[in-house]
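Trainee: Quick one: the structure is below, and I'll ask about it shortly.
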Amino acid sequence: MARNGPQLDRRAGGRGAPLPSQGVSHKRVRTSQSCETVMRLSRYFLPVLKENPAEAQIVSHRYMLRAGMIKQQAAGIYSWLPLGFRVLKRIEEIVHEEQIRAGHIPLLMPTLQPADLWRESGRYEDYGEEMLRITDRHKRDLLYGPTNEEMITDIFRAHIGSYKDLPLTLYHVQWKFRDEIRPRFGVMRGREFYMKDGYNFDLTKEDALHAYNRHLVSYLRTYERMGLQAIPMRADSGPIGGDDTHEFLVLADTGESEVFYDSKVTDIHLGSREIDYDSHEECRSVMEEFTALYARTDETHDEARFNERVPAERQRRARGIEVGQIFYFGTKYSEPMGATVVNDKGERAPVHMGSHGIGVSRLAGAIIEASHDDKGIIWPEGVTPFHCGIVNLKQGDAATDGACGEIYGALTAKGLEPLYDDRDERAGAKFATMDMIGLPWRITVGPRGLASGKVELTSRRTGESEEMTPEAAVARIEEIYAGA
Ligand code: 5CA
């Protein structure tokens, strides 16, 4: 991986515009995590497992358990332990930044929803066994939301009545529950899972299709910042409805979806292009560029068309992990639920809508599937739980302890978050832990190197090490994360 790849470029914005704050910082999450004690391994909570857990069938599940990221509490329901929680928050933060950059507005809806809302759209009965239905003490029917089309439509109709308030896209990142028949692969197919779901409201179909394209572009950016290539593929809309829908697939042998595509699609990247999210033309042209070549999931795959359009040597049949999906469904919810606006001629009409989801918790697993080796996880810089590790090879040695402390202090003073392995452990055990938890950079400090004023900077991805002064190592880490 290029050291300054697109996923490092956290500062680049559409048209270079500064991000509005909207309650979401575009620096690291600081919520009680950056306090010094939690970044010293001797005082952290990192329950690393030495053995492979028998229940884990795929590498991401295995490594998430072994690296002490998650703990299963019931089938498909997990606690996120401190390391996993940091990754989850980091993924969420990138999602927020890119949504806000595209002009979408965050809010927060509850996990529990009244059944009556779903009776209005007709989905209460349709949704079937996957919906967790709950009755409260007053015998009122509730459900744990599997998605939020009805609730957001209810919010819209309560407050908006004029075309002048459009376009509008609202989104949240919230826990969902789907009582999956076969929860498996850890957080990849959970029953309780964390999802970003966004909903656009537009006056016309044309505007709503712009919202669709805008979401497609913002999703491409989101995934690339996480070090992932997620290919938009024509898919089936399932219980959400509508005819226009694309899923975003990360190619991986362990993926649950069967995919068919022209190998040329993997050459297309968004990179650091500046996209004007208000421009219908720009968003449409990116959408067309990314969806012109054949790429479909098994639900919409058409073998005859595939053979006709894709030369044999470029035909790929593979597996993929679905990390997001976008939908345009017109007035499917606005009409039955009465979400209308008055247009400039004074006529009232239902709004055109779409919904757009990203599997935030699933992404933690998908990133590991795409980025690991036989020693453990290799986090892309964009989502790493800590910017780098510091390994003290001789704990208790005054010079080594002192140098580690200085490096630690210099990094944190620059707003970076290192994880300092200050345990009284053998070097081999410390390296094994660092390799398993996958921090992309490691600074190793030992008495031998220090005698000539040097520490070692190692890339987790390439395994290459370089000797340099502690100051140079700190400067290098800073440069890497500045995306300069
Ligand atoms: N309302 C629409 C868009 S917001 C919706 O619910 N779309 S979805 O069903 O495709 O879900 C969005 C994303 O959530 C999926 O692409 C997938 O990445 C993730 N997801 C869906 N089901 C699960 C699950 N059981 N476990 C983990 N992630 C899931």
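Trainee: Hey, got the Cα dimensions of the range 41-188 along the principal axes, in Å, largest first?
Mentor: Over the range 41-188, Cα extents along the principal axes are 59, 39, 28 Å.
Trainee: Counting Lys and Arg as +1 and Asp and Glu as -1, each charge on the Cβ, what is the dipole of the chain about the Cα centre in debye, to the nearest 20?
Mentor: Charge dipole, the chain, about its Cα centre: 1280 debye, nearest 20.
Trainee: At a 10 Å Cβ-Cβ cut-off, how would you order Lys196, Lys430, fewest neighbours first?
Mentor: Ascending Cβ contact count within 10 Å gives the list Lys430, Lys196.
Trainee: Going by a ≥ b ≥ c, the root eigenvalues of the Cα gyration tensor, does the range 395-445 fall in the rounded group (a/c under 1.5), the prolate group (a/b larger than b/c) or the oblate group?
Mentor: Working: a/c = 2.63, a/b = 1.11, b/c = 2.37.
Oblate shape, in that a/c is at least 1.5 and b/c is the bigger or equal ratio.
Trainee: FRET efficiency for Ala318 and Ala413, Cβ-Cβ distance as r, R0 = 35 Å, nearest 0.05?
Mentor: Efficiency for this residue pair is about 0.15.
Trainee: Still on this model: Restricting to the range 388-480, compute how many DSSP beta bridges are antiparallel as a %, nearest 5.
Mentor: Among the beta bridges of the range 388-480, antiparallel pairing accounts for roughly 50 percent.
Trainee: Would you kindly work out the equivalent ellipsoid of the range 352-484 from its C-alpha gyration tensor and give its semi-axes, the square roots of five times the eigenvalues, largest first in whole Å? Walk me through the numbers before you get to the answer.
Mentor: Values: eigenvalues 192, 55, 31 Å².
For the range 352-484, the ellipsoid semi-axes come out as 31, 17, 12 Å.
Trainee: How large is the helix-only mean residue ellipticity at 222 nm for the chain, computed as the sum of -39500 (n - 2.57) over DSSP H runs with n ≥ 4, divided by its residue count, in deg cm²/dmol to the nearest 500?
Mentor: -9500 deg cm²/dmol
Trainee: What list of ³J(HN,Hα) couplings, whole Hz, do you get for the range 77-82 from phi and the Karplus terms 6.51, -1.76, 1.60, once you set θ to phi - 60° and write x for glycine and proline?
Mentor: 10, 10, 8, 9, 6, x
Trainee: Let me ask something additional. Relative to the longest principal axis of the C-alpha atoms of the chain, give the angle of the C-alpha long axis of helix 360-370, reported between 0 and 90° and rounded to the nearest 10°.
Mentor: 50
Trainee: Treat the count of other C-beta atoms within 10 Å as a stand-in for reagent exposure and order Glu180, Glu224, Glu289, Glu192 from fewest to most.
Mentor: In increasing order of surrounding Cβ atoms, one gets Glu289, Glu180, Glu192, Glu224.
Trainee: Measuring from centroid to centroid over Cα atoms, what is the spacing of the range 71-92 and the range 372-410 in Å?
Mentor: 22
Trainee: Okay, next question. What whole number of Å gives the distance from the Cα centroid of the range 432-453 to the Cα centroid of the range 236-295?
Mentor: 40
Trainee: Provide the convex hull volume over Cα atoms per residue for the range 112-200, in Å³.
Mentor: Each residue corresponds to 111 Å³ of Cα convex hull volume.
Trainee: Taking a ≥ b ≥ c as the square roots of the eigenvalues of the Cα gyration tensor of the range 46-375, is the shape rounded (a/c under 1.5), prolate (a/b larger than b/c) or oblate?
Mentor: The shape class here is oblate.
Trainee: Then there's this: At 37 °C and 0.692 mPa s, grab the translational diffusion coefficient of the range 233-279 from Stokes-Einstein with a Kirkwood Rh over Cα pairs, rounded to a whole number in µm² per second.
Mentor: Translational diffusion coefficient: 241 µm²/s.
Trainee: How far apart, in nanometres, would the label points at His138 and Thr300 be if each is projected 7 angstrom from Cα along the Cα-to-Cβ direction?
Mentor: The answer from the label model is 4.3 nm.
Trainee: Once phi is turned into ³J(HN,Hα) by the Karplus curve 6.51 cos²θ - 1.76 cosθ + 1.60 with θ = phi - 60°, what whole-Hz value does each residue of the range 147-163 show in order, with x for glycine and proline?
Mentor: Along the range 147-163, the couplings run 5, 10, 3, 5, 5, 5, 5, 5, 5, 4, 5, 6, 10, 10, x, 10, 4 Hz.
Trainee: Any number yet on Rg/Rh for the range 218-339, C-alpha, Kirkwood?
Mentor: Details: Rg = 15.4 Å, Rh = 15.5 Å.
Rg divided by Rh gives 0.99.
Trainee: Sticking with this structure for a sec: Sort Trp118, Trp80 by Cβ crowding within 10 Å, fewest neighbours at the top.
Mentor: Trp80, Trp118
Trainee: Separate question: Between their Cα atoms, which of Lys205/Lys345; Lys89/Lys264; Lys164/Lys205; Lys71/Lys414 are more than 27 Å away from each other?
Mentor: Lys89/Lys264; Lys71/Lys414
Trainee: Next question. Return one quarter of the surface area of the convex hull spanned by the alpha-carbon atoms of the range 160-249, equal to its mean projected area, in nm².
Mentor: 7.4
Trainee: Also, I was wondering about something else. Out of the range 403-484, which GluC sites (Glu not before Pro) are coil in DSSP terms and have no more than 15 other C-beta atoms within 10 Å?
Mentor: Passing sites in the range 403-484 are Glu464.
Trainee: Would you work out if the range 148-189 is rounded, prolate or oblate? Take a ≥ b ≥ c from the square roots of the eigenvalues of the alpha-carbon gyration tensor; rounded if a/c is under 1.5, else prolate when a/b is larger than b/c, oblate otherwise.
Mentor: Prolate is the answer for the range 148-189, as a/c is 1.5 or above and a/b outweighs b/c.
Trainee: Pull up all non-local amide H partners of Phe329: gap of 5 or more, or a different chain, and H-to-H distance under 5 Å with H placed in the peptide plane.
Mentor: The list, which skips near neighbours in sequence, is Met353, Gly354, Ser355.
Trainee: Grab the Cα-Cα distance for Ala292 and Glu308, subtract it from 0.36 nm times how many residues apart they are, and report the gain in nm with one decimal.
Mentor: My answer for the length gained is 4.3 nm.
Each value in this text was obtained by applying a stated rule to the coordinates, not by laboratory testing. Nothing here was measured: the structure is a model prediction, and the numbers come from that model. Using ideal geometry, Cβ is built from the backbone for each residue, glycine included, and neighbour counts are taken over all protein chains shown.
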